[in-house]
Structures are given as structure tokens and as C-alpha cells.
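Reading through the C-alpha cells given below for one structure.
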Amino acid sequence: MNLTSFSDFCAQAVKEGMLFYYTGEYSKNVIAAMSDTLRHRLESTSLSAPARRKIFSTFVEMSQNIMHYVDPDQDGIKVGALAVGHNQGKYYVMCGNPIRVEYVDRVKEKVEPLRSMTVDEIKSAYRAQLRNEDHEQQDTLSKGAGLGFLTVARDASEPIEYQIVYRSERQEYAEFYLRAAI
Amino acid sequence: MQDLYIAPTAETPEVAFLFSEHKLTLQGESYPENAMAFYAPLRASLQSYLAQLSAQHPLEMHFSLKYFNSSSTKLLRSLISLLNDAARDGKQIIAHWYHDPEDDMMMEFGADLQDEFGALHLNVTPYEPA
């Protein structure tokens, strides 16, 4: 990237209200540093405590998804992207990460239904999953409680959005992008 | 049984399981990447303590968590479930679930626990604003 493109990139980020953007290696240390940064930024706003909790929660769920589910690349690195910003009266949290092509349908099946649910339906799906004692047997690929996307959807103030992007460089992978507005 | 104390970190709550005083507290935030690794030992010690707790000794447990991630959620629920089982077996247990007074979602979460675990005396209380 040359300086002109970089300054365009920065100007675009400012225009879109981006508070921070990270792309690259995901590790415990990176998440800890981002958590600190986000906390400080949120504390300096006039947001209510619940709104701050929701933004932070969405950031944590997305970051931990990347840590749990992204395959390390040839150098053993897990790569992901994450952005937090404020635009048109709402905060947004977005993430992007590689996903194995064979898991695309699995992710779509989890996310797509959440998009058309009402707030009450999301809450009751959340409650049902919280009480589901058979989750580990039913979903052996899951590394948590099966509540991650539900938590993101519950804390969002409009339907979550996602995109699957296919690029040619690595055929066995697609890219998964998720956006929540709070 | 030996008391269990774990100092808080950015991602894990302070654990003060004062078994000798029958007073157990979890306080702070809970969003470790591997929630199971953090909660499995807590669950195990709570379980063995409850097994030997006599019905004469009232137990107080306080959950004061400002924020917890999705994987901690399920494990917190499982601690409450252990308390509920013990209460059903006739042990005297009072649990307190504290939430941000402004945060309806966290209050509902506590109310859901009350609904689900009917044998347990569970108070859902707003904590004092800082």
C-alpha cells in the first residue's frame, strides 16, 4: 500500500466512524490489548453501562470465535479481522475470518435463522440453548455452549448481517464476515 | 474443607469460597477463552463441599458478575444447578444474584434462573451503582 492509498484508507475509516480496526494474527495477547483499548474508548463515551456491556460482549464473542474456530495457517498463525465503530447513531462490531468451505453451510444454518427472529424469539432460543444439556453430544464441533451467535444477536439492536466471500487464493477456504449493530 | 481463594484477573472473577464460614462469593467479570478450564475445578470443589454440608449449616452464595461471556454463562448456570439440587435435598441455601440496575437483560437472566431452579432460594438484586 502506498501513502496515498493509506491516507484514503484512514480517511474512509474516519468517515465511517471507526474506533479501531485490527487485522492479522490473533492471539491471547492481541485480544487482551484490544480489550483494554475498547474498554478505555467506551469509558470515555457517555454510553450507558448496559450499552457498553453489549458492545464489549459482542467484541468478546467475535474475538473468541476467531480464536476457537480459525485454522492456523502454514506458519501456525490464526488470522482474523475486527472493527468497532460508531455510525448513524449506532455502534457496530464486525469481524472477518477464514472458514473451511465445508463449514460454510453449518455457519449459515446457525446465523441465518437469527436474522428473521423477533427479540422475544431470540431470547427464547437463547434460554432453550442455555438449558440444553445435550449440546456437547449434539454438536461435537462446537467449543463452547452454543450460545455465541445467540449472544451476539441478543445484544444487537437490529438483525445481524453476514457475508461469505469466496476468493481464489486458497480454494479450501472461504471468508466469513459478521456485523452486529448495537 | 480448605477454603478456596482465587484472585481476580481481567478475564476471571475473584473466587472466595469460604467453606469454613459457609459463605461463597464470585465477583467481577468472567470471559476467559477457556471457561471450562476455569470453572471445572470450582464446580468440583462446590460439589464436594455440598455433599458434606450438614442441613444445620445455612450456606450463603453471592454471584456478583458485571459481565460474563457465553461459555461462562452455561457454567455459572451449572453452579446454580448444583445449589438447587442441594436445596432440594433439604440443605439451607440462600443464593444472591446481583445485576446492574440499568441492565434489563441481566435482570431477566437472573429471573430466568429463579424460574428454572425453583427449589433454590435465589434473590435477584440490583447491585449498588458504583
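Details
- Test item: A:63-71 mean partner chain Cβ contacts at 10 Å: 2
- Taking packing as the residue-averaged number of other Cβ atoms within 10 angstrom, the listed peptides A:157-166, B:71-80 run from highest to lowest as B:71-80, A:157-166.
- Shielding by partners, peptide B:100-106 (average Cβ within 10 angstrom, other chains): 4
- Mean per-residue shielding of peptide A:159-169 is 0, counting Cβ atoms of other chains within 10 Å of each Cβ.
- Positive-end extreme of charge dipole, chain B - chosen from B:M105, B:L46, B:P13 (charges on Cβ): B:L46
- For segment B:91-127 versus segment A:64-98, the gap between their alpha-carbon centres in whole angstrom: 33 Å
- Straight-line cross-link reach from B:K74 at under 24 Å between alpha-carbon atoms covers these lysines, not counting any fewer than eight positions away in the same chain: A:K28, A:K54, A:K108, A:K110, A:K123, A:K143, B:K23, B:K66, B:K91.
- Charge tally in the Cβ shell below 15 Å around A:Y92, where Lys, Arg are +1 and Asp, Glu are -1, A:Y92 excluded: +1
- Size of chain B from its Cα atoms: along the principal axes, largest to smallest, the extents are 37, 28, 25 Å.
- Around the amide H of A:H86, modelled in the peptide plane, lie the amide H atoms of A:M18, A:L19, A:Y92, all under 5 Å away and 5 or more residues distant in sequence or on another chain.
- Percentage, to the nearest whole number, of Cα pairs in chain A over 29 Å apart: 23 percent
- Distance cut-off 29 Å, percentage of C-alpha pairs in the protein assembly as shown lying past it: 40 percent
FYI, it's all coordinate maths here, none of it is from the lab. A quick note: this is a predicted structure, and the numbers were derived from the prediction, not measured. All Cβ positions, even for glycine, are placed from backbone atoms using ideal geometry, and neighbour counts span all protein chains on display.
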